[in-house]
1. Regarding segment 34-57, can at least one residue be identified that is of a type in the set (Asp, Glu), surrounded by fewer than 23 Cβ atoms within 10 Å (Cβ to Cβ) and either touching a residue at least 60 places away in the same chain (Cβ under 8 Å) or not in a helix (DSSP H, G or I) (or both)?
2. Is it true that Arg25 is touching a strand residue (DSSP E or B) at 6+ places or on another chain (Cβ under 9 Å), modelled with pLDDT of 95 or more and of a type in the set (Lys, Arg)?
3. Counting only residues that are more than 20 Å from Lys89 (Cβ to Cβ) and assigned to a loop (DSSP other than H, G, I, E, B), how many does segment 272-310 have?
4. Give me the residue from segment 158-184 that is among the charged types (D, E, K, R) and either in a loop (DSSP other than H, G, I, E, B) or within 12 Å of ligand 1 (Cβ to nearest atom) (or both) and, out of that set, farthest from the chain's Cα centre (by Cα).
5. Quick check on this structure: which one of Ile63, Ile35, Ile53 is away from ligand 2 (no atom under 16 Å from the Cβ), closer than 21 Å to Ala178 by Cβ and not polar (S, T, N, Q)?
6. Please state which one of Ile149, Ile171 is in contact with a Leu (Cβ under 6 Å, 6 or more places away or on another chain), within 27 Å of Arg240 (Cα to Cα) and within 16 Å of ligand 2 (Cβ to nearest atom).
7. Taking the condition of being at pLDDT below 95 and either more than 20 Å from Asn174 (Cβ to Cβ) or surrounded by 19 or more Cβ atoms within 10 Å (Cβ to Cβ) (or both), how many residues in segment 224-254 meet it?
8. How many residues does segment 138-150 contain that are over 15 Å from His230 (Cβ atoms) and either under 13 Å from the mean Cα position of the chain (by Cα) or aliphatic (A, V, I, L, M) (or both)?
Amino acid sequence: MQPVEQRDEVEMLSLMLLIRRFEERASQQYQAQKIGGFCHLYIGQEAVVTGAIAAIRDDDYIITAYRDHAHALARGTSADACMAELFGKETGCSRGLGGSMHFFDKKHHMYGGHAIVAAHVPLAVGLAFSIKYRGEDRVTLCFFGDGAINQGAFHEALNLAALYKLPIVFICENNLFAMGTSVKRSTSLRQIVDRAEGYDIPGEIVDGMNFREVRDKVAEIVDSIRKEAHPAFLEMRTYRYRGHSMSDPASYRTKQELEKYRLDDPITRLRAQLTREGKITNEQFDLLDKRAKETVLASVKFAEKSPQPPLDTLYDYTYANGAAAAGSPAESDEPAGDGVFSGEDRR
Ligand SMILES: Cc1ncc(C[n+]2csc(CCOP(=O)(O)OP(=O)(O)O)c2C)c(N)n1
Ligand SMILES: [Mg+2]
């Protein structure tokens, strides 16, 4: 049975194309020195975020690490706002103050873009906690890399999520490398999903190059979480075609390994599935691709002509209003809570 939340597959193929073309153009603009700082591309991993987004509602929460352009685009942030952010312009999704690693879009419930490995995983648990606290049926999707699973913050977060039975899906995008280090050299586990078992969190391995498998697995889990809140863990087996960041030639892996994954391309796969089933023609695919390229080219023009943020906004949005003043916590209209859950829930 198809869950009601599932989006049209041609639309999702079109989203994957938009992400791919956006990243290719970002790479080109980076080389042309239009983009400063770090820049990590998502090319090759598109099925993970599109599959996951296809299975959730617009009011669910997502949060991720610094390889975040695709997550914002998938959530509905415009290519214009994303490209402008890369250019450090005021019209960017983080007002030009975040850059590549700190995309943020509260309206679309995309809570970053976080540069410190695994630092956002406890934040994700906080988001899930707020859902349970308010008695809502939303779900939080927390994306992170294979490099995050050996960080202390990650363990603290999983432990709390399991104790409090929070509505969260931990989505490990296992692209086999953390910078230049192979997961085999950095992780003692036979497979990453075994981490979840240690916290009594149900976990599964998913083919992260297969849009349909990602979507169906996330949909099944999200459905179960909405009925009765609990955490879950998915290890998405995926691959990044480019280096860790724009400055990495990726000489730590072989051409043959890269070629093997390129032949298993997530866009080609979904296109082939849809073509076989008569849901898309070659002409329609070409049109989608043409549109994606045009949208991205227009976003470069938009970014180029957008203004720089004024210098005096440099320190804005770093702290909540008032919190920066020494010793004075931010003022809030929220009543102070007298506890978390009932005693029974806490056990
Ligand atoms: C706490 C911390 N340590 C080290 C770094 C430097 N660093 C940046 S990315 C990265 C690798 C992370 O790899 P992974 O989590 O697998 O994500 P991927 O880049 O593969 O998407 C490291 C070690 C960092 N940003 N934060
Ligand atoms: Mg990785």
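1. First pass over segment 34-57, keeping only residues of a type in the set (Asp, Glu): 46.
Now narrow it down to the ones that are surrounded by fewer than 23 Cβ atoms within 10 Å (Cβ to Cβ): none.
Checked against the condition, which is being of a type in the set (Asp, Glu), surrounded by fewer than 23 Cβ atoms within 10 Å (Cβ to Cβ) and either touching a residue at least 60 places away in the same chain (Cβ under 8 Å) or not in a helix (DSSP H, G or I) (or both), segment 34-57 yields no hits at all.
2. When the stated conditions are applied, Arg25 does not pass them.
3. Within segment 272-310, residues that are more than 20 Å from Lys89 (Cβ to Cβ) and assigned to a loop (DSSP other than H, G, I, E, B) number 5.
4. Narrowing segment 158-184 to residues among the charged types (D, E, K, R): 165, 173, 184.
Filter once more, keeping what is either in a loop (DSSP other than H, G, I, E, B) or within 12 Å of ligand 1 (Cβ to nearest atom) (or both): 165, 173.
Details: Lys165: 22, Glu173: 9 Å.
The extreme case among them is Lys165.
5. Ile63
6. When all the criteria are applied, what remains is Ile171.
7. 4
8. 5
The values are calculated or read from the model by the stated rules, or taken from the named source; none is laboratory data. Predicted model only: the values in this text are computed from it and were never measured. Note: ideal-geometry Cβ built from the backbone for every residue, glycine included; neighbour counts use all protein chains shown.
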